[in-house]
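Right, one structure below, let's go through it.
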Amino acid sequence: MNKPHVVINTDDRKPQSDVTVNDYVEKEVEDDSKQEFFLVKIFRSGINFVFDFLETIVVALSVFVVIYLFIVQPHEVKGSSMEPTFQNNEYIITDKISYRFGKPNRGDVVIFKAPVNPDVDYIKRIIGLPGETVMVQSGRIYIDGKMLNEPYLEDLTPIFPGGFIKEGVVVSIPENHYFVMGDNRPHSSDSREFGPIEKKLIIGRAVFRYWPINNLGLIPGANYRY
């Protein structure tokens with residue numbers, strides 16, 4: 001008995017579909033469109049990133065300028081006129097806003113424009129207030145006739161020849177003016193030399209020392225007994 005004849009197809013290639021030239025062209029156009037869309041998307045993302053970055057920089061700079069001009073400002077102590085309270089090359093933060101709403105107090109350490117050279121900033125301590133009298137006698141300070149106790153001093157207060165203050169002579173502090181001195185009295189150019197300073201020259205009050213690290217901390221005012 002004859003077995004059925006089985007034909008085995010050894011060619012496993014799939015029959016080709018009918019593909020025209022137009023199909024290839026349409027596919028290439030579609031691929032080009034996708035690539036163009038992708039590039040445009042990347043470009044727009046890059047532009048948005050740049051604008052966001054610039055916006056962040058502008059906002060940060062604006063905040064910095066406002067803080068620097070109106071709120072606080074860093075200063076470097078130069079010289080020895082405030083020793084031992086402050087040493088040369090120490091760095092402090094100056095509060096520029098408090099005196100816009102209040103008045104300076106005796107004992108405040110202030111930074112101000114030097115009357116003899118407005119391009120230079122001085123750091124001194126407020127000793128006399130508007131309307132008070134000041135006198136230096138035998139190395140001691142007298143406010144309204146009462147001796148001022150200054151525990152931060154290491155030396156007596158000398159008088160400089162040709163300066164504003166004369167030994168034993170009482171002087172009055174005008175309104176809106178302040179009498180300032182350095183804590184290192186023998187080595188400080190201050191109101192003994194150039195007289196009381198106007199409030200408008202005061203930049204602000206020294207409130208914080210941030211360098212050197214071992215002296216990091218708030219800067220207190222002085223407590224007086226007189």
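Okay, residues lined up against (1) over 25 Å from Tyr210 (Cβ atoms); (2) among the hydrophobic types (A, V, I, L, M, F, W, C):
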{"site": "Lys103", "(1), (2)": "yes, no"}
{"site": "Val109", "(1), (2)": "no, yes"}
{"site": "Val136", "(1), (2)": "yes, yes"}
{"site": "Ser191", "(1), (2)": "yes, no"}
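Go through the residues of the range 73-82 one by one and say whether even a single one is of a type in the set (S, T, N, Q) and either at positive phi or out of contact with any helix residue (DSSP H, G or I) (no Cβ under 9 Å at 6 or more places or on another chain) (or both).
Of all residues in the range 73-82, those of a type in the set (S, T, N, Q) come to 73, 80-81.
Still in the running and either at positive phi or out of contact with any helix residue (DSSP H, G or I) (no Cβ under 9 Å at 6 or more places or on another chain) (or both): none.
No, the range 73-82 contains no residue that is of a type in the set (S, T, N, Q) and either at positive phi or out of contact with any helix residue (DSSP H, G or I) (no Cβ under 9 Å at 6 or more places or on another chain) (or both).
Output yes when any residue across the range 168-183 is among the small types (Gly, Ala, Ser), assigned by TED's automatic domain parsing to the domain that holds Gln87 and either under 35 Å from the mean Cα position of the chain (by Cα) or crowded, with 17+ Cβ neighbours inside 10 Å (or both), and no when none is. Quick ask: steps written out before the conclusion?
The initial filter retains those residues of the range 168-183 that are among the small types (Gly, Ala, Ser), namely 168, 172, 182.
Then drop every residue that is not assigned by TED's automatic domain parsing to the domain that holds Gln87, which leaves 168, 172, 182.
Okay, now just the ones that are also either under 35 Å from the mean Cα position of the chain (by Cα) or crowded, with 17+ Cβ neighbours inside 10 Å (or both), so 182.
Within the range 168-183 (the criterion being among the small types (Gly, Ala, Ser), assigned by TED's automatic domain parsing to the domain that holds Gln87 and either under 35 Å from the mean Cα position of the chain (by Cα) or crowded, with 17+ Cβ neighbours inside 10 Å (or both)), the answer is yes, since at least one residue qualifies.
If I filter the range 61-73 for residues that are in the same structural domain as Gly204 (by TED's automatic domain parsing), of a type in the set (Ser, Thr, Tyr) and closer than 30 Å to Tyr210 by Cβ, do I get at least one hit?
No, the range 61-73 contains no residue that is in the same structural domain as Gly204 (by TED's automatic domain parsing), of a type in the set (Ser, Thr, Tyr) and closer than 30 Å to Tyr210 by Cβ.
For the range 125-144, state whether one or more residues are of a type outside the set (Gly, Ala, Ser), under 19 Å from Glu76 (Cβ atoms), buried (at least 18 other Cβ atoms within 10 Å of the Cβ) and assigned by TED's automatic domain parsing to the domain that holds Gln87. It would help to see each step written out before you state the result.
Applying the first criterion (of a type outside the set (Gly, Ala, Ser)) to the range 125-144 yields 125-127, 129-130, 132-137, 140-144.
Now narrow it down to the ones that are under 19 Å from Glu76 (Cβ atoms): 125.
Now restrict to residues that are buried (at least 18 other Cβ atoms within 10 Å of the Cβ): 125.
Applying the additional criterion that residues be assigned by TED's automatic domain parsing to the domain that holds Gln87 yields 125.
Checked against the condition, which is being of a type outside the set (Gly, Ala, Ser), under 19 Å from Glu76 (Cβ atoms), buried (at least 18 other Cβ atoms within 10 Å of the Cβ) and assigned by TED's automatic domain parsing to the domain that holds Gln87, the range 125-144 yields at least one hit.
Could you tell me whether Arg205 is without any contact (Cβ under 8 Å) to a residue 60 or more places away in the chain and surrounded by 13 or more Cβ atoms within 10 Å (Cβ to Cβ)? Steps first, please.
Working: without any contact (Cβ under 8 Å) to a residue 60 or more places away in the chain: no; surrounded by 13 or more Cβ atoms within 10 Å (Cβ to Cβ): yes.
No: the conditions fail for Arg205.
Within the range 203-224, can one find any residue that is touching a His at 6+ places or on another chain (Cβ under 8 Å) and hydrophobic (A, V, I, L, M, F, W, C)? Steps first, answer last, please.
Going residue by residue through the range 203-224, those that are touching a His at 6+ places or on another chain (Cβ under 8 Å) are 206.
Checking the rest, the ones that are also hydrophobic (A, V, I, L, M, F, W, C) come to 206.
Checked against the condition, which is being touching a His at 6+ places or on another chain (Cβ under 8 Å) and hydrophobic (A, V, I, L, M, F, W, C), the range 203-224 yields at least one hit.
The values are calculated or read from the model by the stated rules, or taken from the named source; none is laboratory data. Note that the structure is predicted; figures quoted are calculated from it, not measured. Here the Cβ is made from the backbone with ideal geometry for all residues, glycine too, and neighbour counts use every protein chain on show.
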